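The values are calculated or read from the model by the stated rules, or taken from the named source; none is laboratory data. Since the structure is predicted, the reported quantities are computational estimates derived from the model, not experimental observations. Here the Cβ positions follow ideal geometry from the backbone for every residue, glycine too, while neighbour counts run over all protein chains shown. Calculation scope for accessible area: heavy atoms of the full protein, side chains included, ligands and nucleic acids excluded. Shrake-Rupley method; radii C 1.70, N 1.55, O 1.52, S 1.80 Å.
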Amino acid sequence: MESIGMAMVGREAEQAELAAFVKAAAGQALILRGETGVGKSSLLAHAAAAAEQEGHAVIRAAGVEAESELPYAGLHQFLHPLLADVADLDDGSQSAFDAVFGRAEGIPPSVMALGIAVLSLLSQAAARRPLLLVLDDGQWFDDSSADICGFVGRRLAGSPVKLLVGVRTDIGSRFDTAALPELPVAALSEQDAESLLIQRFPTLGKQVRAMVLEQAQGNPLALLELPAHLGAATQGEPLLESLVGELGMPLPRRLQRLYGARIEALSQVMREELLMGALDGVGTGHGSRGAGTGSSIGIGGSTGASTGASTGAGPGARYRMRAADEAVAAGLLEIEPATGDFAFRHPLVRSAVVQMATPNQRRAAHQALAQVHRENLERRATHLAAATVDPDEEVADILEAAAESATKRGGALAAVAWLTRAAELSEEHTGRSRRLADAAFVAGHAARLGQAHRLVQSGLGPGSADAPASVLASAYQALYQDGDVLSTHRQVASAIDRLRQSGPAESDEVLTRLVNLLLAISQYAGERTAWERTHGLLADLGDLITERSRLYGNTWSDVIRHGAGSAEVIEQAAAKLAGQEPWEVTRLAVAAYHLDLLSGFRPYLRGIVDRELETGAVASGMVMLHLIMLDQMAVGEWDGAQDTGRRVLDLAVEHGHELFANQSRAYLAQLAALRGQLGPARDLQAEVDAWARPRGLGFLTQLADSAGATAALSAGDYESAYLYAIGITPPGEFRPYAYQASRTLLDLVEAARHTGRAEQARQHALAARDAGLPEVSPRLALITHGALAMTAESEKEAAEMFALAEAHPDAARFPFELARIRLAHGIRVRHVEGRAAARQYLVPAAEAFERLGAAGWTERARAELRATGAVPRASMLNLASLTWQERRIADLAASGLTNKEIGKRMHLSPRTVSSHLYRIFPKLGITTRAALRDALSRTEGEEGLES
């Protein structure tokens with residue numbers, strides 16, 4: 001705003017940096033950060049004009065407060081013109097855009113997947129000429145859009161695309177943590193401020209000029225607006241009195257008052273037109289004074305034809321103000337040079353327009369805008385929510401539909417607000433209570449347990465503790481915040497029983513929610529009495545129970561006794577996840593975990609988990625992370641599992657979900673035990689056990705015992721391992737509803753064999769066979785055949801059972817279990833058939849343990865190999881343990897490149913390269929860089945053993 005003609009006063013340094021930014025060959029991003037009115041918009045316009053002169057295409061967008069809670073509204077502003085121009089998008093990118101912009105049903109993409117689609121679109125759009133994206137008022141961008149902008153901005157290097165964002169310092173936004181370079185825009189110096197004032201207002205009196213300078217504090221907008229507000233400098237004393245009267249008022253409020261005086265002087269028709277534009281998010285002018293003009297692509301607030309007519313709704317369409325020359329003359333609007341559209345001179349003008357309108361005027365404008373956006377569900381709902389005062393069932397229904405749409409696109413927080421407003425507009429008490437219960441249900445899954453409880457109480461009032469919705473909210477809070485399974489099971493079961501006896505006055509959906517919550521409580525209880533009562537209730541409810549709930553009851557409880565026939569149903573459901581609520585997806589995925597079918601769900605979970613954690617169902621997102629971690633552990637991606645586990649632990653602690661926090665610790669304890677990290681494993685195990693056992697959380701105490709058994713096995717402490725294993729289930733049986741009983745089959749069998757309890761080991765293996773474990777899941781089939789091979793009474797049976805295990809179609813999906821079975825069989829073969837025959841089993845076992853990072857098991861495998869007379873070489877045990885990145889670094893280092901040269905090729909710092917080499921050397925059994933080439937060339941041609 002400090003521009004004079006084509007010149008800008010006091011911004012030489014910022015202009016120079018922006019010029020370098022525009023002229024840079026590489027793509028990059030930059031955030032301009034400063035207070036209101038400091039001149040960010042002018043600098044953005046200056047950069048846009050400079051980019052146009054350099055031959056760039058320019059796309060502009062502006063954050064709008066009214067749309068800050070609409071998922072992906074801001075992103076659509078940026079991409080709308082590009083999507084219209086780029087015709088050959090790949091199917092994956094097109095599907096991602098269709099899903100987030102609500103143009104078609106599909107799998108909502110993750111931040112990464114959508115970010116990659118945006119990068120692809122930008123790359124194609126910039127194929128003909130470089131592209132500059134300019135975003136003003138970034139603090140008002142919705143969170144989902146800001147996250148994508150941050151993702152894209154960090155990955156523009158090497159592309160002809162640049163991103164420039166202006167944000168205010170006084171309002172927090174996702175751009176605060178986007179990790180993008182920043183250019184602070186400070187107030188003008190005293191000398192520059194005076195120069196601007198003299199040039200713009202040469203006749204201003206000396207005394208008034210001094211007062212303006214003192215009050216503006218170098219803020220360019222204030223320097224330009226205060227004199228016009230106070231009038232001609234010759235008026236003298238009244239001006240001083242006016243300034244003194246505003247001394248205690250913050251500058252933004254004072255400026256709003258200035259604009260308010262101009263707005264008040266407008267005709268009523270003009271004020272109504274301005275209000276329509278302000279409430280629908282019409283942007284601020286991009287062609288600020290002195291910014292220059294050009295042929296840039298206008299978007300957002302400046303889109304549209306120069307006729308100024310109102311348009312119908314589309315995903316990105318906004319109201320277009322018409323016949324607004326009066327407001328332009330008053331200095332409130334500007335005309336966009338590129339499009340001829342009217343735009344607000346500054347965001348403070350827009351705020352002043354809204355604040356000066358009466359409530360009735362605002363409601364009338366919202367009602368009109370709802371009609372403008374009648375084809376866009378969520379925009380229409382936003383305006384109707386603000387326009388409606390009295391109960392209106394039709395409006396409440398529209399808000400409900402918008403909430404459902406938002407939930408499926410990752411906007412659970414927006415859905416809670418719409419459902420709450422729908423409840424307020426309900427005509428009947430039952431409708432109000434139902435919608436508040438729905439809002440509470442979504443809030444609970446969004447990790448807003450306190451809000452969920454308050455919503456229910458506001459809907460039902462005092463004395464309603466036994467109402468189903470109240471039971472749901474209080475039980476959610478007690479379960480997830482404190483791990484209370486004892487009283488919540490009684491509470492929820494009683495609520496279901498009352499509904500059964502009286503006939504469900506509540507909707508079927510409320511009953512289903514109660515049933516599913518009871519199933520979750522029963523799963524965490526992990527105890528026979530609780531599950532038997534739960535199954536009894538399900539039987540009594542008969543046809544009132546959904547097929548999905550029956551599926552969850554069968555798989556979450558005891559897959560050995562109830563899981564038969566469930567696998568096919570789950571596999572079919574895995575192919576139809578798109579469009580389902582996030583909590584329904586997680587329930588299915590939990591069922592898949594119990595049947596070892598989780599890998600089929602992981603791509604979908606990966607695709608939506610970031611979205612849910614940002615603006616959606618956070619609690620469901622945490623469950624998704626648990627499930628992703630479990631699958632990573634199962635398939636041998638232990639580094640990734642560690643990162644996932646730490647992430648979900650931090651989230652659970654942050655949101656006060658003590659149940660999820662301790663569940664995360666239990667999984668991390670199991671992972672540490674697998675890796676032979678005995679200290680951390682035992683510390684985490686003890687922490688989980690101390691919290692879970694007094695609360696009767698069998699699910700977690702079984703996990704703690706399993707981690708204890710694994711840690712003891714890793715350390716070779718077989719007696720302790722046996723004691724932990726029989727704490728879960730006795731030998732020869734699988735304790736009902738103890739879900740770890742079948743999963744620890746190999747632990748109990750191996751511990752029993754190594755402690756002289758061969759009979760108990762054999763008894764347990766036979767019990768697994770007789771219980772039909774091989775028919776339940778692929779992992780249970782693998783470990784059952786493995787246990788039978790370990791305990792076989794004849795070599796023929798041992799060979800047959802081992803062959804069944806090794807040849808199982810899914811054996812490779814469980815590398816740790818397969819390696820254990822091979823190691824045990826190799827030891828047996830060495831004793832019976834000799835050393836040479838054993839190596840074919842011991843070699844792949846040792847390779848797998850080394851690759852996984854299972855330290856205790858690796859040492860045991862090495863010892864067995866040495867017992868065969870073989871010496872493990874780097875090719876077998878060490879080269880396989882290198883990650884892809886480590887192998888690439890090793891190859892480059894062996895070719896003679898320096899750390900700096902390697903870092904440049906792999907986009908790493910020299911220090912990071914050095915750290916990788918520090919880990920690589922001991923893995924390859926070398927101590928110097930000179931030995932690296934020999935180690936790699938030797939290992940590539942070896943078979944891995946030297947007899």
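Filtering the stretch 99-129 down to residues that are in a loop (DSSP other than H, G, I, E, B) and open to solvent by less than 40 Å² (accessible area, probe 1.4 Å), which residue is farthest from Ala49 (Cα to Cα)?
Taking the candidates together, the pick is Gly106.
It is to be established whether one or more residues within the stretch 139-156 are farther than 21 Å from Glu614 by Cβ, at pLDDT 85 or above and either of a type outside the set (Val, Ile, Thr) or under 23 Å from the mean Cα position of the chain (by Cα) (or both).
There is at least one residue in the stretch 139-156 that is farther than 21 Å from Glu614 by Cβ, at pLDDT 85 or above and either of a type outside the set (Val, Ile, Thr) or under 23 Å from the mean Cα position of the chain (by Cα) (or both).
Within the bounds of the stretch 768-783, is there any residue that is over 34 Å from the mean Cα position of the chain (by Cα), surrounded by 20 or more Cβ atoms within 10 Å (Cβ to Cβ), touching a residue at least 12 places away in the same chain (Cβ under 8 Å) and farther than 15 Å from Leu595 by Cα?
yes
So for the stretch 804-813 (the condition being touching a residue at least 12 places away in the same chain (Cβ under 8 Å), within 25 Å of Ser714 (Cα to Cα), assigned to a helix (DSSP H, G or I) and open to solvent by 30 Å² or more (accessible area, probe 1.4 Å)), does at least one residue qualify?
Here is the first cut: in the stretch 804-813, the residues touching a residue at least 12 places away in the same chain (Cβ under 8 Å) are 804-806, 808-811, 813.
Those still in the list that are within 25 Å of Ser714 (Cα to Cα) too: 805-806, 810-811, 813.
Okay, now just the ones that are also assigned to a helix (DSSP H, G or I), so 805-806, 811, 813.
Okay, now just the ones that are also open to solvent by 30 Å² or more (accessible area, probe 1.4 Å), so 806, 813.
Scanning the stretch 804-813 turns up at least one residue that is touching a residue at least 12 places away in the same chain (Cβ under 8 Å), within 25 Å of Ser714 (Cα to Cα), assigned to a helix (DSSP H, G or I) and open to solvent by 30 Å² or more (accessible area, probe 1.4 Å).
Restricting to the stretch 473-494, what's the tally of residues that are over 18 Å from Arg695 (Cβ atoms) and surrounded by fewer than 24 Cβ atoms within 10 Å (Cβ to Cβ)? Don't jump to the end; show me each part of the working.
Restricting attention to the stretch 473-494, the residues satisfying the condition of being over 18 Å from Arg695 (Cβ atoms) are 473, 494.
Retained after the next criterion (residues that are surrounded by fewer than 24 Cβ atoms within 10 Å (Cβ to Cβ)): 494.
Residues that pass the stated criteria total 1.
Would you please name the residue that is nearest to Ala741 (Cα to Cα), looking only at residues in the stretch 692-717 that are surrounded by fewer than 21 Cβ atoms within 10 Å (Cβ to Cβ) and not small (Gly, Ala, Ser)?
Only one residue fits best here, namely Arg693.
Would it be correct to say that Ala848 is modelled with pLDDT of 85 or more and open to solvent by 50 Å² or more (accessible area, probe 1.4 Å)?
no
Answer with yes or no whether Trp531 is in a helix (DSSP H, G or I) and either open to solvent by 40 Å² or more (accessible area, probe 1.4 Å) or at pLDDT 90 or above (or both).
Considered against the rule, which asks whether it is in a helix (DSSP H, G or I) and either open to solvent by 40 Å² or more (accessible area, probe 1.4 Å) or at pLDDT 90 or above (or both), Trp531 comes out as yes.
Results for (1) farther than 27 Å from Met622 by Cβ; (2) at pLDDT 75 or above, shown as yes or no for each residue.
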site	(1), (2)
Ala414	no, yes
Ser426	yes, yes
His429	yes, yes
Ala446	no, no
Val456	no, no
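Identify, from the list Ala96, Ala20, Ala24, the residue that is surrounded by fewer than 18 Cβ atoms within 10 Å (Cβ to Cβ), free of Cβ contacts under 8 Å to residues at least 60 places away in the same chain and of a type in the set (A, V, I, L, M, F, W, C).
Ala20
Taking Val208, is it modelled with pLDDT of 90 or more, open to solvent by less than 40 Å² (accessible area, probe 1.4 Å) and either over 25 Å from Gln256 (Cβ atoms) or in contact with a helix residue (DSSP H, G or I) (Cβ under 6 Å, 6 or more places away or on another chain) (or both)?
no
Can Glu800 be described as touching a residue at least 24 places away in the same chain (Cβ under 8 Å) and among the acidic types (Asp, Glu)?
Spelling it out, it is not the case that Glu800 is touching a residue at least 24 places away in the same chain (Cβ under 8 Å) and among the acidic types (Asp, Glu).
Among the residues of the stretch 50-73, how many are surrounded by 22 or more Cβ atoms within 10 Å (Cβ to Cβ), in a helix (DSSP H, G or I) and at pLDDT 85 or above?
Matching residues across the stretch 50-73 total 1.
For the stretch 784-803, what are the residues that are crowded, with 23+ Cβ neighbours inside 10 Å and either in contact with a Ser or Thr (Cβ under 8 Å, 6 or more places away or on another chain) or not small (Gly, Ala, Ser) (or both)? Show your work before the answer.
Initial filter on the stretch 784-803 (crowded, with 23+ Cβ neighbours inside 10 Å): 784-791, 801-802.
Passing the criteria: Thr784, His785, Leu788, Met790, Thr791, Met801, Phe802.
Is at least one residue of the stretch 397-413 part of a helix (DSSP H, G or I), under 28 Å from Glu273 (Cα atoms) and either more than 24 Å from the chain's Cα centre (by Cα) or touching a residue at least 60 places away in the same chain (Cβ under 8 Å) (or both)?
yes
Which residue out of Ala62, Ala29 is within 23 Å of Ser173 (Cα to Cα), out of contact with any Ser or Thr (no Cβ under 8 Å at 6 or more places or on another chain) and not β-branched (Val, Ile, Thr)?
Details: Ala62 fails: out of contact with any Ser or Thr (no Cβ under 8 Å at 6 or more places or on another chain).
Sole residue among the options that is within 23 Å of Ser173 (Cα to Cα), out of contact with any Ser or Thr (no Cβ under 8 Å at 6 or more places or on another chain) and not β-branched (Val, Ile, Thr): Ala29.
Just wondering, is there one or more residues in the stretch 396-407 that are over 30 Å from His657 (Cα atoms) and open to solvent by less than 50 Å² (accessible area, probe 1.4 Å)?
Within the stretch 396-407, one or more residues are over 30 Å from His657 (Cα atoms) and open to solvent by less than 50 Å² (accessible area, probe 1.4 Å).
Quick grid of which residues meet (1) under 25 Å from Ser110 (Cβ atoms); (2) touching a helix residue (DSSP H, G or I) at 6+ places or on another chain (Cβ under 9 Å); (3) open to solvent by 70 Å² or more (accessible area, probe 1.4 Å); (4) part of a loop (DSSP other than H, G, I, E, B):
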site	(1), (2), (3), (4)
Gln367	no, yes, yes, no
Val416	yes, yes, no, no
Ser426	no, yes, no, yes
Thr430	no, no, yes, no
Ala440	no, yes, no, no
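Please note which helices (runs of 4 or more DSSP H) are completely contained in the stretch 130-226 and include at least 3 residues that are in contact with a Lys or Arg (Cβ under 9 Å, 6 or more places away or on another chain).
Numbers: elements: 143-153, 190-200, 206-216.
So the answer is 143-153, 190-200.
Quick check on the stretch 663-673. Is at least one of its residues polar (S, T, N, Q) and touching a residue at least 60 places away in the same chain (Cβ under 8 Å)?
No - not one qualifying residue is present in the stretch 663-673.
Which ones in the stretch 564-581 are within 21 Å of Lys408 (Cα to Cα), free of Cβ contacts under 8 Å to residues at least 60 places away in the same chain and part of a loop (DSSP other than H, G, I, E, B)?
Ala575, Lys576
Suppose we filter the stretch 741-766 for residues that are aliphatic (A, V, I, L, M) and open to solvent by 20 Å² or more (accessible area, probe 1.4 Å); how many remain?
Summing the residues that are aliphatic (A, V, I, L, M) and open to solvent by 20 Å² or more (accessible area, probe 1.4 Å) in the stretch 741-766 gives 2.
From Ser195, Ser144, Ser159, grab the single residue that is touching a residue at least 12 places away in the same chain (Cβ under 8 Å), of a type in the set (Gly, Ala, Ser) and closer than 20 Å to Gly218 by Cβ.
Only one candidate passes the filter, namely Ser195.
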